[in-house]
Amino acid sequence: MGKTILITGGAGFIGSHVVRLFVNKYPDYLIVNLDKLTYAGNLENLADIEHRPNYRFVKADITNLQQVNTLFHEYRFDGIIHLAAESHVDRSITHPLDFIQTNIVGTVNLLNSAKEKWQGHYHEKIFYHISTDEVFGSLGKEGYFTEDTAYDPRSPYSASKASSDHLVRAYHNTYGLPVKISNCSNNYGPNQFPEKLIPLAINNIKNSQAIPVYGAGENIRDWLYVEDHAKAIDVIFHQGKIGETYTIGGNNEWKNIDLIRLLCRIMDEKLNRPVGTSEMLITFVTDRAGHDLRYAIDASKLKNELDWSPSLTFEQGLVLTVDWYLANERWLRHVVNGDYEKYYEKQYQHR
Ligand code: NAD
Ligand code: TYD
């Protein structure tokens, strides 16, 4: 008899890749996808698996305790993989309260329902919380984040994710809830909403629009292909130890400006434009408030204990990503609707 797994935020970018992996790889599991379908949630991400017998979608809001409790009464969950969140730093700067509600209150609602519903059965359950490396703050030129790095979040987004991590650990320490946490670096790949750097730049280059680079483009991120993150989540869910934290990274640091230049070269080739065409679109704009300088992960615990490492080089992953966005015009057209235009104008007009 297979497990029943609740995946929250399964209609979003990373969540949809995790749902697809689990639905395909574990036909005897029942995968229940809970998602509010905010601007970032899109059921088109799951069109290829939506009719599978081992998949269910439930539209619900994790900030609504009654909706969460109802779901826990309807299903006997063996495990939860919690990805639902407000996830974009720039939006957290303009609308911090949304992040407090979903990322903190929403997570506590899930923890509370699991605690109550799983009472007496903790030994056979898993509450797996998906988090970010941004909780550790900003690195200088040297060093890496590990599982032992002290928390030092600096944006409303990272502070709300840090709070949720603390609450997950508190439920483990206080009530014995069987939890796992992973903190991952920046993801990229198919289905990412074009508010984040890589899909935003792809979309703008495609439309011959300016590519906004914050500050001098000197900030560094450690990029991981989204399917590699989904595979790490699978490994940690099934083989990771209860009560443990794992950091996940791509071992792949790029300065924003170098990344954009590489992307420009790939786009020129794919769009049959003369070399250098896309680079001319690069536009330096006012920096993000409180912009973290560098994130970089040391993922050796995950490599040594669970034998996970990234499978793709950055060039391979970027080419796959560009190919996907160019082949999925309909998807892009649907997400870049009136709301996106309004967001874009507000976010970038005064920069
Ligand atoms: P996303 O913004 O693409 O998707 C978030 C999903 O959560 C959407 O489908 C949205 O509809 C849903 N959601 C939002 N509020 C909800 C609510 N109140 N109730 C129910 N569903 C709600 O995010 P993502 O990039 O896929 O990130 C997923 C998770 O991974 C987040 O927890 C994020 O913090 C974490 N993470 C992201 C990255 C990254 O680079 N994107 C890196 C590390 C960790
Ligand atoms: P982003 O994709 O928003 O991820 P995060 O802030 O969570 O790391 O941004 C990645 C980097 O790119 C970050 O240093 C901010 C920068 N950036 C730009 O330079 N221009 C943009 O338009 C965006 C969205 C981000």
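For segment 222-230, does any single residue satisfy the condition of being closer than 17 Å to residue 347 by Cα, within 11 Å of ligand 2 (Cβ to nearest atom) and aromatic (Phe, Trp, Tyr)? Working first, answer last.
Taking segment 222-230 as the starting set, the residues that turn out to be closer than 17 Å to residue 347 by Cα are none.
No, the conditions are met nowhere in segment 222-230.
Cβ-Cβ under 9 Å, sequence separation 6+ or interchain: first residue in segment 177-202 and of a type in the set (Phe, Trp, Tyr), partner within 11 Å of ligand 1 (Cβ to nearest atom) and modelled with pLDDT under 95. Which pairs?
Here the result reads 193/335, each pair linking segment 177-202 to a residue that is within 11 Å of ligand 1 (Cβ to nearest atom) and modelled with pLDDT under 95.
Every residue in segment 292-318 that is within 16 Å of ligand 1 (Cβ to nearest atom) and either within 30 Å of residue 209 (Cβ to Cβ) or more than 19 Å from the chain's Cα centre (by Cα) (or both), please. Reasoning before the result, please.
So in segment 292-318, the residues within 16 Å of ligand 1 (Cβ to nearest atom) come out as 292, 294-299, 302, 308, 310, 312, 314, 317-318.
Answer for segment 292-318, where residues must be within 16 Å of ligand 1 (Cβ to nearest atom) and either within 30 Å of residue 209 (Cβ to Cβ) or more than 19 Å from the chain's Cα centre (by Cα) (or both): 292, 294, 295, 312, 314, 317, 318.
Restricting attention to segment 244-291, and to residues there that are among the small types (Gly, Ala, Ser) and over 12 Å from residue 215 (Cα atoms), which single residue is surrounded by the fewest Cβ atoms within 10 Å (Cβ to Cβ)?
Within segment 244-291, the first condition is being among the small types (Gly, Ala, Ser), and the residues that meet it are 249-250, 276, 278, 289-290.
Of the ones still in play, those that are also over 12 Å from residue 215 (Cα atoms) are 249-250, 276, 278.
Working: 249: 27, 250: 27, 276: 10, 278: 27.
Filtering segment 244-291 for residues that are among the small types (Gly, Ala, Ser) and over 12 Å from residue 215 (Cα atoms), the one surrounded by the fewest Cβ atoms within 10 Å (Cβ to Cβ) comes out as 276.
Do we find that residue 201 is within 12 Å of ligand 2 (Cβ to nearest atom), in a loop (DSSP other than H, G, I, E, B) and touching a strand residue (DSSP E or B) at 6+ places or on another chain (Cβ under 9 Å) in this structure?
no
Report the residue count in segment 47-75 for those that are closer than 23 Å to residue 332 by Cα and either basic (Lys, Arg) or in contact with a Gly (Cβ under 7 Å, 6 or more places away or on another chain) (or both).
1
Only residues that are outside any loop (DSSP other than H, G, I, E, B) and surrounded by 23 or more Cβ atoms within 10 Å (Cβ to Cβ): list them for segment 2-18, please.
Matches in segment 2-18: 5, 6, 7, 8, 13, 14, 15, 16, 17, 18.
Just to check your reading of the model, which residue among 231, 241 is in a helix (DSSP H, G or I), out of contact with any Pro (no Cβ under 8 Å at 6 or more places or on another chain) and surrounded by fewer than 21 Cβ atoms within 10 Å (Cβ to Cβ)?
Details: 241 fails: in a helix (DSSP H, G or I).
Unique residue meeting the criteria: 231.
Can you tell me which residues in segment 220-237 are within 14 Å of ligand 1 (Cβ to nearest atom) and out of contact with any Gly (no Cβ under 8 Å at 6 or more places or on another chain)?
Residues satisfying the conditions are 221, 229, 230, 232, 233, 236.
Go through (1) within 22 Å of residue 290 (Cβ to Cβ); (2) surrounded by fewer than 24 Cβ atoms within 10 Å (Cβ to Cβ) one by one and return the number of the condition residue 180 breaks.
(1)
So, restricting to helices (runs of 4 or more DSSP H) that lie completely within segment 72-151, which ones have at least 1 residues that are surrounded by 22 or more Cβ atoms within 10 Å (Cβ to Cβ) and within 16 Å of ligand 2 (Cβ to nearest atom)?
Because the criterion is at least 1 residues that are surrounded by 22 or more Cβ atoms within 10 Å (Cβ to Cβ) and within 16 Å of ligand 2 (Cβ to nearest atom), the helices (runs of 4 or more DSSP H) in segment 72-151 that meet it are 89-94, 96-99.
Only residues in segment 19-43 that are part of a loop (DSSP other than H, G, I, E, B) count as the first member; pair them with residues that are among the hydrophobic types (A, V, I, L, M, F, W, C) and away from ligand 1 (no atom under 13 Å from the Cβ), Cβ under 6 angstrom, at least 6 apart or cross-chain, and list the lot.
These pairs meet every condition: 29/5.
In segment 37-46, how many are more than 16 Å from ligand 2 (Cβ to nearest atom) and either surrounded by fewer than 20 Cβ atoms within 10 Å (Cβ to Cβ) or more than 19 Å from residue 102 (Cα to Cα) (or both)?
Result for segment 37-46: 6.
Can you find, within segment 304-351, the residue that is modelled with the highest pLDDT among those that are closer than 25 Å to residue 286 by Cβ and in a loop (DSSP other than H, G, I, E, B)?
Here the residue is 336.
The values are calculated or read from the model by the stated rules, or taken from the named source; none is laboratory data. Computed from a predicted model, the values in this text were never measured in an experiment. Cβ: placed from backbone, ideal geometry, glycine included. Neighbour counts: every protein chain shown.
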